[in-house]
Amino acid sequence: MDEDIDLENPFPEPFELEITDTLDLHAFAPRDVESVTETYLSEAFQKGFKIVRIIHGKGIGVQRDTVRRVLAKTDFVKSFKNAPEFFSSRGATIAEFK
């Protein structure tokens, strides 16, 4: 195994992601889901989005619960619910901003 690879932090340099109306959390480690979701929501709100979709996967619901906990405590989130069936249904949450 390459000794230069840090398994705790695979991205040693900060990087930017384009903010769109959808965030797919599959690319992030479970330990980062809360902070990534908080940052994404703030950036999406600042960009003027009114509705966003957060893809957390179906699994056993741990990521979904984390996302919904963040949504519930975010003051500019008006409401949230499962995505419609054709947009990942239980594997994603739709949030509406105030």
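The values are calculated or read from the model by the stated rules, or taken from the named source; none is laboratory data. Only a predicted model underlies this, so the values are computations on that prediction, with no experimental measurement involved. Positions of Cβ are generated from backbone atoms using ideal geometry, with glycine treated the same way; all protein chains shown enter the neighbour counts.
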Tally time: how many residues in the range 49-98 are charged (D, E, K, R) and touching a strand residue (DSSP E or B) at 6+ places or on another chain (Cβ under 7 Å)? 9
Residue within the range 41-59 that is aromatic (Phe, Trp, Tyr) and touching a residue at least 40 places away in the same chain (Cβ under 8 Å) present: yes
The range 65-91 - residue that is at pLDDT 95 or above and under 21 Å from ALA29 (Cβ atoms) and, of those, nearest to the chain's Cα centre (by Cα): VAL67
Take the range 21-35 and flag every residue that is out of contact with any helix residue (DSSP H, G or I) (no Cβ under 7 Å at 6 or more places or on another chain) and of a type in the set (A, V, I, L, M, F, W, C). ALA27, ALA29
Please give the number of the condition ARG64 fails out of (1) within 23 Å of GLU18 (Cβ to Cβ); (2) touching a Lys or Arg at 6+ places or on another chain (Cβ under 9 Å); (3) buried (at least 17 other Cβ atoms within 10 Å of the Cβ). (1)
Residue under question is GLU13, and the condition is that it be of a type outside the set (A, V, I, L, M) and either exposed (fewer than 12 other Cβ atoms within 10 Å of the Cβ) or modelled with pLDDT under 95 (or both); does it hold? yes
Out of the range 36-61, which residues are modelled with pLDDT of 95 or more and either exposed (fewer than 12 other Cβ atoms within 10 Å of the Cβ) or charged (D, E, K, R) (or both)? GLU38, GLU43, GLN46, LYS47, GLY48, LYS50, ARG53
